[in-house]
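**Student:** Dumping the structure here so I can ask a few things about it.
The values are calculated or read from the model by the stated rules, or taken from the named source; none is laboratory data. In this text, all values refer to a predicted model and were calculated from it rather than measured experimentally. A quick note on method: Cβ atoms are made from the backbone with ideal geometry, for glycine too, and the neighbour counts reach across all protein chains shown. Accessible surface areas use protein heavy atoms only, side chains included; no ligands, DNA or RNA. Shrake-Rupley method; radii C 1.70, N 1.55, O 1.52, S 1.80 Å.
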Amino acid sequence: MSNEHGESANMVKLILKTTLWLSIITIVEIIAAVLLTDLFERNNMLIVLNSFYIIMSLAKAFFIVSVFMHLKFEVKFLAITILIPMTFLLFAVVALLAEGNSWLQMRNY
Amino acid sequence: MTTSVLVILAIVMFALVIFQLAKTTEFVAILRGEDKTRLESDRINSRLMVVFLVAGMAALFWSVAYFKKHMILESASVHGEWIDSMFNVTLLFTGVAFVLTQIALFYFAWRYKHTKDRKALYYPENNKLEMWWTIIPAMVLTTLVVIGLYRWFQITGPEPKDSNVVEITGKQFSWMLRYPGKDGKLGENRFEYITEGNGVGIDFNDPRSRDDFMPSEMHLVVNRPVLLRIKARDVIHDVGIPHFRVKMDAVPGITTRFWFIPTITTEEMRKKTGNPDFTYEIACDQLCGTGHFGMKGTIVVESQEEYDKWTSTQKSFYESGIQGTAEEKKFAEISMQLKNAEAAKANTTHE
Amino acid sequence: MTEATTLTTTAIGPSRWNGGRSPFKVSWGKLMMWYFLVGDSFSFASFLITYGALRFSYESWPAPTKVFSSFPLLEGVKLPLMFVSFMTFTLIMSSVTMVLAVHYGNHEMNRKKVVKWLSLTILGGIIFLASQAWEWTHLIVDEHMTLSQNPFGAPAFGWLFFTITGFHGFHVLTGVIINCIVTTKVARGDYDRKGSYEMVEKIGLYWHFVDLVWVFVFMAFYLL
Amino acid sequence: MSDPVINPPLNPVYTGDTTHRQDSTGEIHDHGHHEHHKDNFITKYIFSQDHKMIAKQFLITGMFWALVGGMLSVIFRVQLGFPNQAFPILETIFGKWAPGGIISPDFYYMLITMHGTILVFFVLTAGLSGTFANLLIPLQIGARDMASPFLNMLSYWFFFMASVVMLASFFLPQGASDVGWTAYPPLSAVHEASPGSGAGMDFWLIGMALFIFSSLLGGLNYITTVLNLRTKGMSMSKMPLTIWALLITAVLGLLSFPVLLGAAILLIFDRTIGTSFYLDNIFINGHALPNDGGNAILYQHLFWFLGHPEVYIVILPAFGLVSEVLATNARKPIFGYRAMILSLLAIAIIAFVVWAHHMFVTGLNPFVASVFVFLTLLVAVPSAIKVFNWIATVWQGNIKFAPAMLFAIGFVSMFISGGLTGIFLGNSALDIELHDTYFVVAHFHIVMGISAFFGMFAGVYHWFPKMYGRLMNNTLGYIHFWVTMVGAYMIFWPMHYMGLAGVPRRYYSFDAFQSFNMFGGLNEFITMAAMLVFFAQLLFLINFFYSIFYGRKLTNENPWQSNTLEWTTPIKTGHGNWPGDLPTVYRWPYDYSKNGDEYIPQTTPLREGETGGH
């Protein structure tokens, strides 16, 4: 940890830059949701838009975790121990979405 | 009451006696010298290891032979044979592994008991050995997975085109069956139509449903594929038919399915087993409440002619149970309500 | 990396703790907070996965732009997603103020600045909670979207929305409470006396996590 | 949570490592917490923050629950072994639950449900990893205490509260939960579905929620302690396998219990506020429920996402304890230390991607199922490696048959028997035949019930001297082992035969079915064996409690001549563990019979030409 003034100022700059990015992404997402949903839906391209949201959300998550939560500046192995468990979730998401889809096929009455 | 007290007293006394004996051995041990006692108990225990191994293996083989007639259930369906052969293959591999590892474990335990004049071998690692005993199980398991999945996809795959369809619905604590009737098609059913009289919610507005019949016993044609459409209306149940190797949960809200081909008629089975009362039984295999253990259904497997004769005697559920009764009025009312509700919904969404 | 050996040489008193070294160069408190968040992310994930699975089991799903189209005090005007954008920005901004509080705590041990930024964070949290309260009330009272019915379509949307945003709101609420406690402690000078503002950093992690979860809750209910 | 840092300059790396302030006092007597003035009875025995005392609390609460859980099984085995036979004493004790001396079905289902819940969670999770993680982690890694002794204490008290709630549920008018320990909705969600689905289920859910908090608090503590508080020289590659196993167990718990909490919260909502996460189209007791649009299988996914790792949470600590006991008593290094760690890690990772193998016949999508078949059978590989390595550890050893060693060997035997049947069940096509039959009961009781118990017994016999400074009676230990070993096989082995015949589990009686009712004699035999084994456990309890007070006093701080750090502490270990400096570690913990020395403790500096590892 350094108390050097320059480093501190740099950090503040990085924080503000990250804030800017987060805001831009959010604005873009909302604009897309409000203006483009109908267009994409009509052309059966909603999946493109949805993938866009997911990628953008992951980008936002990356910014929050790496800069705000400071993980970028921690020992790399710490980051690894935190991120590896998240891959289990990835598998669970895929499996459960597949399941949800099959429930749709099986719904009765 | 008094006998129970006596039994408990006897047990307590017995425990105390054992305990006293154990304490005594401890004192004796101190008197005799601990090392000596330890060597002796080591010897006893190491011998018991071998005794356990031999006696255990003997008991295992004896009991398998003894229970063979009970535990090997004649498979009465096509895929049952597949499952049985898979079972045998798996048993072969696991059996070999079981016998070898148990023998090694107990033999080593006996062979390498503590002696003063011998030192244990400092042998922390052998990569080659470890590699082999990773690769061999992996290969065996791959084989089993391949066989297993091949069969799994066959069993769970689409049913043959000429399958009969039977709908089976679980409720606490019985099974309700529905056959498609003469037209060969099951009518629609809908949850909202369920009443005590119309147990599976048949939609009588659907013309296909008018000839559906609901027998109390399941009849199947031998060597003819049958598709079970499995439903539940209150909690989860499970259609388990051990002789056909059939098992599938009945889940409220969704329809599950299982198809199979019965290969042995009830008559033949009676001869084979020498049991004149033999019946195929449906059991509930998923805990569904306090009556779970009595949730039985019965199945008759018969020839096509017998089956046709049976179907011809069955009365349609609509005609025998609904038509002209209070149930029909109730059904009409619900129909009306549903229609109105749907219309109202359509209106609001249009807004 | 200061090895513990230097400590043992000073022999007496505090140096009795002569352990090895932390592989991650962090205190146990921070490590514990991190792993707590990993665990908590699994509980959120269980809810969001539930959402995904149930949503995939429906033919149709209400369009978020239709459901969330009101703004307080502007009745009758359709402003799709505008209010939630406001909420999202509140949360992002409160995250920024929090990270600044952490920063000034760690780097400058500047009590005044830390208190200022923490207070703003709390304010952001409260605004967010108030907004959520308005949104819920509006949906329940005006739109009649409740746990058992949903005029916009699939009933599951309603109860999933209330459960998941409720669980998130609960996290925000606890975050606000903890922030209040820590702010008082900062103002009292507890951490100056202690010589470390790490507590601010730890609650900061928690607060950012709440923001992080919102990213996905937002995506699930308002975008997809 | 965070306490003031004392003298930060002296502790530059560990700002925040303040619970070790007891070490910073300079005066290191028996109790370290100088701030806690004197230990009175309450701070020493009840609200103790000493990890060793908390371990004992976990152990004794766990033993209480094991006794209760075991008793429940004996009672319901009476019904299975002697169906419809009246035992008036049952009515005397249980009143309306056993009218005419015959257990009622309601009571039977309540018993099996609570038996499962208690043994899986309260005994084999809290009692096993709670005890040994608390006892061994600080002692074996060379730490004064847990990272946060306060949270550690809280962890026990949450467990205690969970216990109270669970115990209280037995006395509800409608009885405790009776829907199976897995609590599948709708049975568990709909109040009228079953007598125990009402208040009993509420208590069950509250109890489980408290239990989850306890596990999470404990687990967080174990993980941070192992990662952050190791003594000098105790690198990850020098940790005893017990610590590895306990660390991985804690990670599994940390990741999977929150999901159970999620599942439980949704279930609570379904029960109380009218959501329908798990409910759809339910018509019960003559009326339809308003709930609409959920799915019952969803709960099973969430439950087993915890449930499967939970199986490993139960068995991994036993792996660790057994590895340690085997190496110590065979006077031989554990074979393939690195392979043991890697297989632990592999099992832990696979644990998270196999949960749906509990659901092959629940209407799971067949394709999804096939992925799970593949992943499930993968588990067998690391498990096989472990078994072979244990056997190789015994090979060419110089085995001392302490009771702990007997249980360790018994564990390996049980684990083989139960593990191999898992290969049948993991293969979905075969699972069609075996699912929910006694084959499954046999499988999981042997592989995670008895095996984990054997690991626990091995641990208790081995570390009892560390806990109480006295020795347990060996003869009683031998009797305990042999009766349990033989008896456990007698109980569970024949269940395979019943399972093959398709006999379903959770049946109160088999009278209704001619397919299942031919095992009467066998059931009677199993019941007798179960009683025998239960009484053998009483012997263990007598031995345990007697030895606490009257056992032979330890004369040597290292009775088993073991290498690990806990045996370098004094016989009466105070709070803070080591009276002087913490020990420094130079070598791995398995230097047995190396270069002519019978054992070389980890604290022995390396000799000329030696490397620290193996």
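**Student:** Any chance you could look up the accessible area of residue D:164 with a 1.4 Å probe, heavy atoms only, rounded to 10 Å²?
**Tutor:** Surface open to solvent at residue D:164 totals about 80 Å².
**Student:** To continue, here is another question. Would you mind getting the Kirkwood hydrodynamic radius of chain D from its Cα pairs, rounded to one decimal in Å? Each step should come with its number before you reach the end.
**Tutor:** On the way: mean 1/r = 0.0396 Å⁻¹.
Computed over chain D, the radius equals 25.2 Å.
**Student:** Let's see if you can work this out: charge +1 on each Lys and Arg Cβ, -1 on each Asp and Glu Cβ, no other charges. What is the dipole magnitude of the stretch C:27-223 about its Cα centre, in debye to the nearest 20? Before the final figure, lay out the partial values.
**Tutor:** Numbers: 13 positive and 12 negative charges, 137 e Å.
For the stretch C:27-223, the charge dipole is close to 660 debye.
**Student:** Relative contact order (percent) for chain C, with alpha-carbon contacts under 8 angstrom and 6 or more residues of separation?
**Tutor:** Numbers: 210 pairs, mean separation 53.9, N = 224.
Dividing the mean separation by the residue count of chain C yields 24 percent.
**Student:** Moving on to the next point. What is the diffusion coefficient of chain B in µm²/s, taking the Kirkwood radius over Cα pairs and the Stokes-Einstein relation at 37 °C with a viscosity of 0.692 mPa s? Display every interim value, and only then the final one.
**Tutor:** Details: Rh = 26.6 Å.
Approximately 123 µm²/s, per Stokes-Einstein.
**Student:** Given the options B:71, B:28, B:168, identify the residue whose Cα lies farthest towards the positive end of the charge dipole of chain B (+1 on Cβ of Lys, Arg; -1 on Cβ of Asp, Glu).
**Tutor:** Most positive-ward Cα: B:28.
**Student:** Any idea what log10 I(q)/I(0) is at q = 0.12, 0.20, 0.26 Å⁻¹ for the stretch A:1-73, Debye with uniform C-alpha scatterers and no solvent?
**Tutor:** Per q value, in the given order, log10 I(q)/I(0) is -0.46, -0.84, -1.12.
**Student:** Could you tell me how far the Cα centroid of the stretch D:537-614 sits from the Cα centroid of the stretch D:461-488, in Å?
**Tutor:** Cα centres, the stretch D:461-488 to the stretch D:537-614: 18 Å.
**Student:** Let me ask another. What translational D, rounded to a whole number of µm²/s, comes out for the stretch B:32-123 from Stokes-Einstein when the hydrodynamic radius is the Kirkwood one over Cα pairs, at 20 °C and 1.002 mPa s?
**Tutor:** Numbers: Rh = 16.7 Å.
D = 128 µm²/s.
**Student:** Just to be sure I understand the curve: with the Debye formula and one point per C-alpha of the stretch C:27-223, what is log10 I(q)/I(0) at q = 0.11, 0.15, 0.17 Å⁻¹?
**Tutor:** Evaluating at q = 0.11, 0.15, 0.17 Å⁻¹ gives log10 I(q)/I(0) of -0.56, -0.91, -1.08.
**Student:** Which three extents, in angstrom, do the Cα atoms of the stretch D:460-614 have along their principal axes, listed largest first?
**Tutor:** 73, 40, 29
**Student:** Counting only protein chains, not ligands or nucleic acids, how are B:243, C:144 ordered by accessible area (probe 1.4 Å), most first? Working shown, then result.
**Tutor:** On the way: B:243 10, C:144 105 Å².
Heavy-atom accessible area, descending, gives C:144, B:243.
**Student:** Then there is this: Running Debye on the stretch B:164-341 with equal point scatterers at the Cα sites and no solvent, what base-10 log of I(q)/I(0) appears at q = 0.20 Å⁻¹?
**Tutor:** -1.41
**Student:** Would you list the membrane-span-like helices of chain D, meaning whole DSSP H runs whose alpha-carbon atoms span at least 27 Å along their axis and whose mean Kyte-Doolittle value is at least 1.6? Walk me through the intermediate numbers first.
**Tutor:** Details: long enough: D:51-81 (43 Å, 1.05); D:149-169 (30 Å, 1.46); D:199-228 (43 Å, 1.30); D:241-272 (45 Å, 1.97); D:296-330 (50 Å, 1.12); D:366-394 (43 Å, 1.85); D:403-426 (33 Å, 1.74); D:474-500 (39 Å, 0.75); D:520-550 (45 Å, 1.50).
Membrane-span-like by this rule: D:241-272, D:366-394, D:403-426.
**Student:** Follow-up question, since we're still on this one. Considering amide H positions built from the backbone, and no H for Pro or chain starts, which residues 5 or more places from residue B:220, or on another chain, come under 5 Å of its amide H?
**Tutor:** Here the answer is B:300, B:301, B:302, since their amide H atoms fall under 5 Å of that of residue B:220.
**Student:** Could you tell me which trypsin sites (Lys or Arg not before Pro) in the stretch D:551-602 are loop residues by DSSP with no more than 15 other beta carbons within 10 angstrom of their beta carbon?
**Tutor:** On the way: sites: D:552, D:553, D:572, D:587, D:594; in loops: D:572, D:587.
In loop regions of the stretch D:551-602 (DSSP not H, G, I, E or B), the sparsely surrounded trypsin sites (Lys or Arg not before Pro) are D:572.
**Student:** Right, here's the next one. Relative contact order of the stretch B:33-156, please, whole-number percent, based on alpha carbon pairs below 8 angstrom and at least 6 residues apart. Display every interim value, and only then the final one.
**Tutor:** Values: 29 pairs, mean separation 58.6, N = 124.
Dividing the mean separation by the residue count of the stretch B:33-156 yields 47 percent.
**Student:** I'm a student and want to see the number: the projected area of the Cα convex hull of the stretch D:115-252, averaged over all directions, in nm². Don't skip to the end; give the middle numbers.
**Tutor:** On the way: hull surface 32.9 nm².
Average projection, Cα convex hull of the stretch D:115-252: 8.2 nm².
**Student:** Compute the long axis of helix B:304-313 from its Cα atoms, compare it with the longest principal axis of the Cα atoms of chain B, and write down the angle in degrees, 0 to 90, nearest 10.
**Tutor:** The angle comes out at about 50 degrees.
**Student:** For chain A, what does the helix formula give at 222 nm: sum of -39500 (n - 2.57) over DSSP H segments with n ≥ 4, over the residue count, nearest 500 deg cm²/dmol?
**Tutor:** Working: 4 runs with 82 residues, N = 109.
Taken over chain A, the calculation gives -26000 deg cm²/dmol.
**Student:** Something else: What share of the DSSP beta bridges in the protein assembly as shown is antiparallel, in percent to the nearest 5? Kindly include the intermediate steps, with their values, before the conclusion.
**Tutor:** Numbers: 34 of 47 bridges.
Given both bridge residues lie in the protein assembly as shown, the antiparallel proportion sits at roughly 70 percent.
**Student:** What does the accessible area of residue D:483 come to, in Å² to the nearest 10, when a probe of 1.4 Å is used?
**Tutor:** The accessible area of residue D:483 comes to roughly 40 Å².
**Student:** Rg and Dmax of the protein assembly as shown, Cα atoms, in Å?
**Tutor:** For the protein assembly as shown, the Cα-based Rg and Dmax read 32.4, 101 Å.
**Student:** Nearest 20 debye, what's the magnitude of the dipole of the stretch D:459-612 about its Cα centre given +1 on Lys and Arg Cβ and -1 on Asp and Glu Cβ?
**Tutor:** Numbers: 10 positive and 10 negative charges, 74 e Å.
Value, rounded to 20: 360 debye.
**Student:** Determine the dipole magnitude for the stretch B:33-156: charges of +1 sit on the beta-carbon of Lys and Arg, -1 on that of Asp and Glu, nothing else is charged, the reference point is the Cα centre, and the result goes in debye to the nearest 20.
**Tutor:** Dipole of the stretch B:33-156, to the nearest 20 debye: 460 debye.
**Student:** Now for a different question. Based on DSSP H runs of at least 4 residues, each adding -39500 (n - 2.57), what is the mean residue ellipticity at 222 nm of chain D after dividing by all its residues, to the nearest 500 deg cm²/dmol? Mind dumping the intermediate values first?
**Tutor:** Working: 16 runs with 338 residues, N = 614.
Theoretical 222 nm ellipticity from helices: -19000 deg cm²/dmol.
**Student:** Enter the angle in degrees (range 0 to 90, nearest 10) between the Cα long axis of helix A:76-106 and the first principal axis of the Cα atoms of chain A, meaning the one along which they spread out most.
**Tutor:** 10 degrees
**Student:** Moving on to the next point. Name the long-range amide H neighbours of residue B:259: under 5 Å, sequence gap of 5 or more, or other chain; modelled H, no Pro or chain starts.
**Tutor:** Placed amide hydrogens put B:228 under 5 Å from residue B:259.
**Student:** Right, something else. Order B:74, B:130 by their accessible area, 1.4 angstrom probe, all chains in place, largest first.
**Tutor:** Values: B:74 80, B:130 15 Å².
Descending accessible area places them as B:74, B:130.
**Student:** How large is ³J(HN,Hα), in whole Hz, for each residue of the stretch C:200-209 in order, when computed from phi with the Karplus curve 6.51 cos²θ - 1.76 cosθ + 1.60 and θ = phi - 60°, using x for Gly and Pro?
**Tutor:** Working through the residues one at a time gives 4, 5, 5, 5, x, 4, 4, 5, 5, 4 Hz.
**Student:** Say the dipole of chain D comes from +1 at the beta carbon of Lys and Arg and -1 at that of Asp and Glu; which of D:596, D:42, D:320 then lies farthest toward its positive end?
**Tutor:** It is D:596.
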